[in-house]
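I have placed the structure first, in the form of structure tokens, so that the comments after it can refer back to it.
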Amino acid sequence: MDLEEEVDYLRNRVSELEALLSRQAGDDPFRRVVESAPYGMVVSDAQGRIVMVNPQAEAMFGYSAESFLERHIEDLVPPQFRGGHAAKREGFHGSPTPRSMGEGRDLYACRSDGSEFPVEIALTPLVCSGETLTLSAIVDITRRKRDEEDLRRYASRLERINTELESFASIASHDLQEPLRKIRMMGERLAGISKGQLGEQGMDYLARMIRAGDNMHRLIRDLLAFSKVGAGPDRFRILSLERPVRDALSALDLLIEETGAEILVGELPEAEVDEALVRQLFQNLIGNALKFRREGVAPFIRVEGESGAPLMETGQTGVMIEIRDNGIGFDEQFHDRIFQVFQRLHSRADFEGTGIGLAICKKIVDHHEGRIHARSIPGEGATFTVILPFRQRAAEEDNPNTR
């Protein structure tokens with residue numbers, strides 16, 4: 001039970017407790033209410049004398065009930081804070097309203113052995129025979145603080161690892177691509193000066209070597225792109241999704257012209273997205289539809305969207321974008337596999353590529369806390385559905401247009 005629930009619990013019982021106290025301060029019903037509470041409860045008077053505790057408080061502080069009744073509430077406060085506590089206690093009795101103690105500050109209590117531990121405390125005034133008492137509900141949050149510290153350390157470690165990985169990816173990319181560039185360049189030169197000398201088999205070997213270099217270059221480029229998704233600062237802003245779709249089509253204009261593709265773009269909704277990443281998402285999905293076309297059939301691609309799509313994971317309302325094509329399709333039993341790195345459903349001889357494009361799409365959608373899935377019938381085309389939140393949850397606390 002968290003502190004808010006505890007405060008509500010106390011407030012619901014105050015009237016009952018006051019009535020019980022006014023009739024008989026020590027009768028069994030009142031004690032049952034106090035003793036059944038799932039947290040430490042300490043009742044003290046205006047002078048700070050402790051008049052009642054429950055077993056949870058005894059276990060928490062290490063005092064017996066009899067020992068508690070010989071003490072002041074200041075005995076439960078760490079020594080370095082006791083001097084100012086009496087004034088705070090008097091302030092509460094001067095304006096006795098239910099409240100959280102030390103709101104916005106870290107609070108600590110002191111056990112009988114002198115050890116300190118973090119707490120949250122809710123204060124509720126009780127009136128008994130004209131005297132105002134203070135009911136303190138005390139929660140030991142040691143485990144919560146330890147978990148929070150573990151999370152902070154884990155987050156710091158992840159941030160350090162991510163920084164190192166980004167640096168490694170950039171360095172590895174440069175160091176790997178430079179020798180590849182030389183291999184490709186020397187291979188092309190050798191092919192140019194050795195025509196008629198190496199023979200058919202020798203020229204075939206050279207061509208294979210150059211193609212392998214090209215494939216490795218694309219692989220390194222795509223791996224670097226995959227590693228960079230979500231690595232930089234977020235640049236979310238609300239915009240019409242038609243813009244990144246149009247930019248993606250502009251980047252693919254040569255391939256669209258070569259394939260004779262017809263692409264229809266419907267009215268698309270607005271959403272809060274990272275424009276550069278979403279442009280890459282649409283470019284990869286539309287590029288896939290152009291690549292995996294049926295032989296002798298011009299690609300026909302529809303891009304449509306709508307608002308109000310549910311996001312089950314977050315409970316938010318999202319926007320849905322569907323990209324449908326008339327290509328070769330795929331067996332739906334592999335609908336999850338296609339979003340994994342290096343997973344291909346078709347041979348490299350039939351369709352070039354690295355097997356990373358759809359993995360990048362999945363990572364971009366995950367970065368937006370959205371969903372992506374695909375359905376298809378072999379030989380009849382495929383439909384990729386993307387659902388993105390209308391608003392990014394973390395951005396709701398910041399500027400409404402940018403983050």
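General observations
- Subset of the range 189-206 that is surrounded by 13 or more Cβ atoms within 10 Å (Cβ to Cβ) and touching a helix residue (DSSP H, G or I) at 6+ places or on another chain (Cβ under 9 Å) - its residue that is nearest to LEU223 (Cα to Cα): LEU206
- Of note, ARG237 satisfies the criterion of being outside any helix (DSSP H, G or I), assigned by TED's automatic domain parsing to the domain that holds GLU306 and either in contact with a strand residue (DSSP E or B) (Cβ under 6 Å, 6 or more places away or on another chain) or basic (Lys, Arg) (or both).
- Some residue of the range 207-224 being in contact with a Leu (Cβ under 6 Å, 6 or more places away or on another chain) and either among the hydrophobic types (A, V, I, L, M, F, W, C) or at pLDDT 85 or above (or both): yes
- Filtered residues of the range 275-313 (kept if within 13 Å of THR259 (Cβ to Cβ) and among the hydrophobic types (A, V, I, L, M, F, W, C)): ILE286, ALA289, LEU290, PHE292, VAL297, ALA298, PHE300, ILE301
- Being assigned by TED's automatic domain parsing to the domain that holds GLY102, modelled with pLDDT under 90 and exposed (fewer than 15 other Cβ atoms within 10 Å of the Cβ) is a condition met by no residue of the range 54-62.
- Those residues of the range 193-212 which are assigned to a loop (DSSP other than H, G, I, E, B) and among the basic types (Lys, Arg), in sequence order: LYS195
- Of everything listed in (1) touching a residue at least 12 places away in the same chain (Cβ under 8 Å); (2) surrounded by fewer than 16 Cβ atoms within 10 Å (Cβ to Cβ), the single unmet condition for ALA87 is (1).
- Taken together, ILE286, ILE301 contain a single residue that is assigned to a helix (DSSP H, G or I), within 30 Å of PHE236 (Cβ to Cβ) and either modelled with pLDDT of 90 or more or not assigned by TED's automatic domain parsing to the domain that holds PRO389 (or both), which is ILE286.
- Qualifying residue in the range 255-264 (condition: at positive phi and in contact (Cβ under 8 Å) with a residue 24 or more places away in the chain): yes
- The set of residues from the range 116-132 being at pLDDT 90 or above and out of contact with any Pro (no Cβ under 6 Å at 6 or more places or on another chain) comprises PHE117, PRO118, VAL119, GLU120, ILE121, ALA122, LEU123.
- Test: residue in the range 241-261 that is modelled with pLDDT of 90 or more and under 23 Å from the mean Cα position of the chain (by Cα): yes
- Total residues in the range 256-278 satisfying the condition of being in a helix (DSSP H, G or I) and surrounded by 15 or more Cβ atoms within 10 Å (Cβ to Cβ): the figure is 5.
- Residues that are in contact with a His (Cβ under 7 Å, 6 or more places away or on another chain) and without any contact (Cβ under 8 Å) to a residue 40 or more places away in the chain within the range 178-198 are absent altogether.
- Selected residue (criterion: nearest to LEU69 (Cα to Cα)) from residues of the range 94-115 that are in contact (Cβ under 8 Å) with a residue 24 or more places away in the chain and out of contact with any Pro (no Cβ under 8 Å at 6 or more places or on another chain): SER112
The values are calculated or read from the model by the stated rules, or taken from the named source; none is laboratory data. Here the structure is a predicted model, which means the values were calculated and not measured. So basically every Cβ, Gly included, is an ideal-geometry build from the backbone, and we count neighbours across all protein chains shown.
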